[in-house]
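Note sheet for the following structure.
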């Protein structure tokens with residue numbers, strides 16, 4: 001019994017390292033690269049809009065400080081950038097074995113489905129966390145570079161008879177950054193769960209990614225139908241993150257749904273959606289006969 005218990009951590013370690021290697025696939029790396037580029041471009045444009053109009057309430061304007069860069073990076077992970085990265089990670093860790101038929105062989109090394117799926121889920125979330133750190137560093141660097149550029153060329157700032165070009169934007173606090181971290185963590189968990197569910201149910205990486213990313217895009221025009229807006233997951237995310245109407249589509253490339261004050265309800269709806277995806281993943285993973293006999 002002692003030997004079997006000692007082998008369990010080594011099996012988990014093997015599975016974890018195997019999942020990390022899967023995320024080095026070109027498709028997953030491309031998703032992460034696109035997500036980082038989108039965040040940099042959108043944040044840079046948001047910063048330029050803020051300094052050119054003296055809108056010091058724009059969150060992108062404060063990314064030349066550490067708390068501002070953290071909040072901005074986290075909110076990117078809660079919207080389009082995080083959707084691309086987290087879904088890519090979830091699909092990458094969950095879809096390969098089902099696509100090439102090696103799921104049963106993997107269970108020979110780690111026969112407990114719940115533990116195996118938990119390792120996959122934790123790996124995907126951890127990799128998204130690494131992306132968050134990279135985004136913070138990139139956005140902080142970009143903010144410092146843009147700040148230096150506009151201070152070196154004050155003529156490019158907005159000129160107005162009533163406004164001085166010595167512009168000092170408001171920056172978020174570390175308390176706001178900590179609160180944003182808690183909110184975004186829930187959203188990332190939902191994104192990863194959705195990506196894994198799509199990959200496992202559809203038994204493939206490409207079809208899983210297409211559905212997990214395509215469904216939000218297909219349903220996005222429904223934001224134009226006002227009675228349906230409260231029922232859209234994108235609206236729940238915007239409310240949970242307290243995104244301003246302007247920032248939703250200008251800085252984060254999200255929707256333009258009107259903001260609403262029901263963040264607690266939005267969080268509960270997102271948690272229910274993540275739980276539904278998790279249940280779907282487990283049910284689909286136990287569909288094969290070899291899986292039933294191994295669990």
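The helices (runs of 4 or more DSSP H) found wholly in the range 189-295 and carrying at least 3 residues that are within 21 Å of residue 112 (Cα to Cα), touching a helix residue (DSSP H, G or I) at 6+ places or on another chain (Cβ under 9 Å) and at pLDDT 80 or above occupy 263-285. The one condition from (1) more than 25 Å from residue 279 (Cβ to Cβ); (2) under 16 Å from the mean Cα position of the chain (by Cα); (3) in contact (Cβ under 8 Å) with a residue 24 or more places away in the chain that residue 130 does not meet is (3).
Of the residues 91, 128, only one is over 22 Å from residue 181 (Cα atoms) and crowded, with 23+ Cβ neighbours inside 10 Å; which? Show your work before the answer.
Numbers: 128 fails: over 22 Å from residue 181 (Cα atoms).
Just a single option satisfies the conditions, and that option is 91.
Is one or more of the residues making up the range 151-171 modelled with pLDDT of 80 or more and closer than 29 Å to residue 133 by Cβ? No, that holds for no residue.
Whether a residue is within 30 Å of residue 217 (Cβ to Cβ) and modelled with pLDDT of 70 or more was assessed, and residue 144 does not pass this test.
Among the residues of the range 103-122, write down those that are closer than 24 Å to residue 32 by Cβ and either assigned to a loop (DSSP other than H, G, I, E, B) or in contact with a strand residue (DSSP E or B) (Cβ under 7 Å, 6 or more places away or on another chain) (or both). Residues satisfying the conditions do not exist here.
One line per residue, one yes/no per condition, for (1) surrounded by fewer than 21 Cβ atoms within 10 Å (Cβ to Cβ); (2) at pLDDT 70 or above; (3) more than 18 Å from residue 135 (Cβ to Cβ):
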position: 28; (1), (2), (3): no, yes, no
position: 36; (1), (2), (3): yes, yes, no
position: 48; (1), (2), (3): yes, yes, yes
position: 59; (1), (2), (3): no, no, no
position: 62; (1), (2), (3): no, yes, no
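The values are calculated or read from the model by the stated rules, or taken from the named source; none is laboratory data. Just so it is clear, the model here is predicted, and its values are computed rather than measured. In this analysis, Cβ positions are derived from the backbone assuming ideal geometry, glycine residues included, and neighbour counts consider all displayed protein chains.
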